[in-house]
Amino acid sequence: MRQLFLCVVAVLCQSVFADVQSLKQRISLQYPKLALTDLMTTPIDHLYSARLDGQVVYLDESGEYLFTGAILRLKDQKNITQELLQNKASNLWATLPLQDAIPIVKGTGQHKIAVFSDPNCPYCQQLERELSRLNDVTIYIFMYPLRPQSEKLTKQVWCSPNSSYAWQKLMQQGINPVASLNCQNPIERNLALGQRLGFNGTPSIVFANGESNIGFLSADQIQSFWRQHGL
């Protein structure tokens, strides 16, 4: 009986995987510019969820129709969309390529935060002053040059002997880095990552529980978030 049960489960899993894969292939062929990620099944038959520009969207099994908005389960008023957002958020931090960020550690470094930042963004510069007020924190800076004039600066920072020092000098004192551009850097990957996450502005902040915020936050707001969520 146990072997029969395992066989049934295996067949069902293969069927679900095949359905998701076939839908993914169909969409990529018919709509190659539609940048969907995290395509998966939902509790509703023949309905799939995906992520598009940082938002949860839904597709039918034909791949011809795309829906946005909240889905509620009437029997218990459960917000299916909110649950999907929370599940995706919980996985976000674990999938961040931290090797492509500049780590800045203060004190014990126990609190963790990731910041997508553009050196020519005034609010990013303001955020840097607020980040300097935080204690016992590890800040991962993903340089994210949405402005064309920022690309050279970010590459020079990365190529500097001490990138965290070069970044803080640039953002807090306006001292430009002098390093050459002759090193491999993650800037293109960071741009692709931010766009995939729907970060269409800077600064964009990701907390260790996967929740994110586009826009400026003060040090007090960040610390309040940590206390509220036990981070």
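Miscellaneous remarks
- For segment 112-120, the criterion of being among the basic types (Lys, Arg), more than 19 Å from Val206 (Cα to Cα) and surrounded by 15 or more Cβ atoms within 10 Å (Cβ to Cβ) is met by none of the residues.
- Boolean, Ala208 is without any contact (Cβ under 8 Å) to a residue 40 or more places away in the chain, of a type in the set (A, V, I, L, M, F, W, C) and touching a helix residue (DSSP H, G or I) at 6+ places or on another chain (Cβ under 7 Å): no
- With respect to (1) farther than 17 Å from Val115 by Cα; (2) touching a residue at least 40 places away in the same chain (Cβ under 8 Å); (3) of a type in the set (Lys, Arg), the lone exception for Arg189 is condition (1).
- Taking (1) in contact with a Leu (Cβ under 8 Å, 6 or more places away or on another chain); (2) within 18 Å of Asn200 (Cβ to Cβ) in turn, Glu130 satisfies each apart from (2).
Values quoted throughout were computed directly from the atomic coordinates according to the rules given, and no laboratory measurement underlies them. Keep in mind that what you see is a predicted model, and the values were worked out from it rather than measured. Glycine gets a Cβ as well: all are built from the backbone with ideal geometry, and neighbour counts include every protein chain shown.
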